[in-house]
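The next block holds one structure in the form of structure tokens; read it before the comments.
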Amino acid sequence: MILKTVLFGHTYQFKDLKDVLAKANEEKSGDILAGIAAETAEERVAAKIVLSQIRLEDLRNNPVVPYELDEVTRIIQDDLNEPIYNAIKTWTVSELREWILDENTTEADIKKISRGLTSEMVAAVAKLMSNMDLIYAASKIRITAHCNTTIGKRGTLSARLQPNHPTDDPDGIMASVLEGLSYGSGDALIGLNPVDDSTQSVTRILKRFDEIKNRLQIPTQICVLAHVTTQMDAIKKGAPTDLIFQSIAGSEKGNTAFGFNAQTIEEARQLALTHGTAEGPNVMYFETGQGSELSSEAHNGADQVTMEARCYGFAKHFSPFLVNTVVGFIGPEYLYDGRQVSRAGLEDHFMGKLTGVSMGCDACYTNHMKADQNSIEDLAVLLTAAGCNYFMGIPHGDDVMLNYQTTGYHETAALREIYGLKAIQPFHEWLLKHEFVDQQGRLTCKAGDASALL
Amino acid sequence: MQEAELRTLVEEMVHKMLTSNEHHEIQIEKSVKSTTNSKTQNTVIEDGCIPDISKVDIRKQFLVENAKDKETYLEMKSKTPARLGIGKAGARYKTETMLRVRADHAAAQDSVFSDVSEEFIEKNGFVKVQTLCNSKDEYITRPDKGRRFPGNQLEIIRKTIPEHSKVAIVVGDGLSSAAIEANAAEMIPSMKQTLQAHQITVGPVLFVKYCRVGAMDAIGEVTDTDVICLLVGERPGLVTAESMSAYIAYKPKHGLPEAKRTVISNIHKGGTPPVEAGAHAAELILTMLEKKASGIDLK
């Protein structure tokens, strides 16, 4: 392993592999805040040059959080397929990059190799990719998953209907649900971020979701995104849910800060499989986002892209139906502006797919960030080209509970029309039945009228 | 169909097309003329004013064309502040709602990226200090620097707040200067009044530029004040850019766990009005002085 290079006559010596990984990142305010970013543009490229010659076995042998100290590292390492890993361990990161991009490398080839990659390898190759590389490579890979319906097939683009309300008022929530459905949103999921994390409140909303799903015979999934333990308690008390949600981090310490560990998630999954309302087998929903480990001081000195890749490695262990990066929610300390959010969204989507999880993206921003609706519309267009499974759907993109902006009901509809995509087939047929879309999946003049579903 | 019939049909069609084309051309000519004419005419700047779109009550706005049941729709919509019933232009937004979202976002951005005015600070007699941050940019990207002060600023803090004071009120810009200008001047007198009724006088109010919540710990550290109440601008949402929070803590010091702060959030005219929040904050302060604790320790 060589950690030194000369560029334009200057010698750049890096401390260790973690240092190379951090400095090879595109500029992110979170890496600067952590004090681990490249100090000059040339140093950044020098780190990329060094990283390009690192062998995959060196990345496996140097996880950014030690195996002995961290269950996320253990899960990722123990889940590896050894024969596949052995076949590629002498590849350099540069070779892996060119192999993924090669016209003779098929989707099936990539999915096979994926089983021999650790998250550090996945992150490393993302650091050597330009934005279009990330789109080009990701567009080769489709990851499908089945809960009640199958998400991720080619030709589809889905949306999670996010009917958030500042006081969890069930009638207010249902108003947003009905309108979202009439715009073709909600084929990925009808999923609420609750204000009140109590079992009682979560149960009340799940029952309303279940009732409307059955009454209108909507082929989709439902979930209330409370803490994993609250959802488990609700299920044990008879609440109907298809998916169990949890925000996850790329280290055990980060997960501890979120109030759970791997065992909690496995118990939740078993509970959903045995007492949930879904067909399965994919019954978990995870959210991630660059910077969350640093914000809970659980990054172990590693950069935010590598820590993010480790979230996907952890997620994969539980065969999730949905994983999405909430890119842009965390604030400008971690992703400074629209440009950094865009880069992070493309990295996360690619890394998730290369890891093998069904990836969506909450393309979003907060009001203290130098970004606006144009920034996330751009990102959504790019991610649709990259074959992203789903986006969020919120009335006019304005979340009145979480106080941030994301993609609206209209965005997924427009993206479907621009790219010739449809909702998940049974949901598309449901939309057709209600005349909200035409055969091609384009909105009709009846779309956007929630009262048509009353 | 007979050939003759077909011929007649085609002839008819061609005739129709021609005449309708002629008609079109005439129309086009007319409109070209009128445009050319209007270019040469003077544009009249009218005396009117386009109404303030931010004054439209979006809870009552309804733009869905040919809705099946408008009345029930409006009733549903009244249960949520979400932007429902907005209609569409193709698969995109109508101009009116698109502009309103842009306007609300503009207000939010301006309140983050502008400063509390010097006039406001002077008028209220605040004593101004600044954290280690040197710009708004540094402030939003370096939370660590927004919690600490350089030595010369700590001197001003010491001179302003007498050591071992019972209560100190601090105002910080935080993430919304609009929130401070809209609420602080009303909230402070209401707080002082309640405290005075209990024989507690509060000294001069500090104003902290580029202030994070943790700045109150640094102030507590050098002044050893019993209770500090920090009024700080919240991260603005689109509903309001004028929401302020009060963070109150007993003997705050560096490393104070977040759970030991008591928070009153959502202080603005549409949430908890500042005068009411002031009285509430004063009562909390009195309880803290009595129990020598704050945050979860109060429960």
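Laid out as a table, the results:
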{"quantity": "Shielding score for A:176-182, defined as the mean number of other chain Cβ atoms within 10 Å", "calculated": "3"}
{"quantity": "C-alpha center-to-center spacing [the stretch B:113-169, the stretch A:111-189] in angstrom", "calculated": "44"}
{"quantity": "Out-of-range pairs (alpha-carbon distance over 20 Å; input A:Lys213/A:Lys433; A:Lys28/A:Lys353; B:Lys55/B:Lys94)", "calculated": "A:Lys28/A:Lys353"}
{"quantity": "Choice from B:Ile50, B:Ile264, B:Ile58 showing the highest fluctuation, given a GNM over chain B with Cα pairs closer than 10 Å", "calculated": "B:Ile50"}
{"quantity": "Rough spin-label spacing in nm, given labels placed 7 Å along Cα→Cβ, for A:Thr90 and A:Leu69", "calculated": "3.3"}
{"quantity": "Spacing of the two label points (7 Å from each Cα toward its C-beta) at A:Lys153 and B:Arg59, in nm", "calculated": "4.4"}
{"quantity": "Net lengthening on full extension, B:Lys291/B:His164 (0.36 nm per residue, minus Cα-Cα)", "calculated": "44.0 nm"}
{"quantity": "Percent antiparallel among DSSP beta bridges (both partners in the protein assembly as shown, rounded to 5)", "calculated": "35"}
{"quantity": "Distance-filtered residues of the stretch A:240-263 - backbone nitrogen under 18 Å, label point 7 angstrom along A:Thr229 Cα→Cβ", "calculated": "A:244-249, A:252-263"}
{"quantity": "Per-residue [θ]222 nm for chain B (sum of -39500 (n - 2.57) over DSSP H runs n ≥ 4, rounded to 500)", "calculated": "-14500 deg cm²/dmol"}
{"quantity": "Orientation-averaged projected area, Cα convex hull of the stretch B:43-113 (nm²)", "calculated": "7.8"}
{"quantity": "Cα-Cα separations in the protein assembly as shown greater than 50 Å, expressed as whole percent", "calculated": "23"}
{"quantity": "Acute angle (nearest 10 degrees) that the helix A:199-215 long axis makes with the longest principal axis of chain A, alpha-carbon atoms", "calculated": "70"}
{"quantity": "Local net charge near A:Ala315, Cβ-Cβ under 13 Å (Lys/Arg +1, Asp/Glu -1)", "calculated": "-1"}
{"quantity": "Distance between modelled label sites at A:Gln425 and B:Thr95, nm, 7 Å Cα→Cβ extension", "calculated": "4.3"}
{"quantity": "Inter-chain shielding of A:163-173 (mean C-beta neighbours from other protein chains, 10 Å cut-off)", "calculated": "3"}
{"quantity": "Residue pairs, from the table B:Lys145/B:Lys166; A:Lys48/A:Lys127; B:Lys123/B:Lys269; A:Lys370/B:Lys136, whose Cα atoms sit over 18 Å apart", "calculated": "B:Lys145/B:Lys166; B:Lys123/B:Lys269"}
{"quantity": "Fewest-first sequence of B:Tyr247, A:Tyr409 by Cβ atoms within 10 Å of each Cβ", "calculated": "B:Tyr247, A:Tyr409"}
{"quantity": "Of B:Gly151, B:Gly271, B:Gly48, the one that fluctuates the most in a GNM where chain B has Cα springs shorter than 10 Å", "calculated": "B:Gly48"}
{"quantity": "Value of D in µm² per second that Stokes-Einstein yields for the stretch B:79-227, Kirkwood Rh from Cα pairs, at 10 °C (1.306 mPa s)", "calculated": "90"}
{"quantity": "Exposure proxy order (Cβ contacts within 10 Å, fewest to most) of A:Ser94, B:Ser111, B:Ser265", "calculated": "B:Ser265, A:Ser94, B:Ser111"}
{"quantity": "Per-residue Cβ neighbour rank within 10 angstrom, fewest leading, A:Leu56, B:Leu84", "calculated": "A:Leu56, B:Leu84"}
{"quantity": "Euclidean distance between Cα centres, the stretch A:371-387 to the stretch A:200-253, Å", "calculated": "29"}
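No value in this document is a laboratory result; all are computed from the given coordinates. What you see is a predicted model, and the numbers here were worked out from it, not measured in a lab. Here the Cβ is made from the backbone with ideal geometry for all residues, glycine too, and neighbour counts use every protein chain on show.
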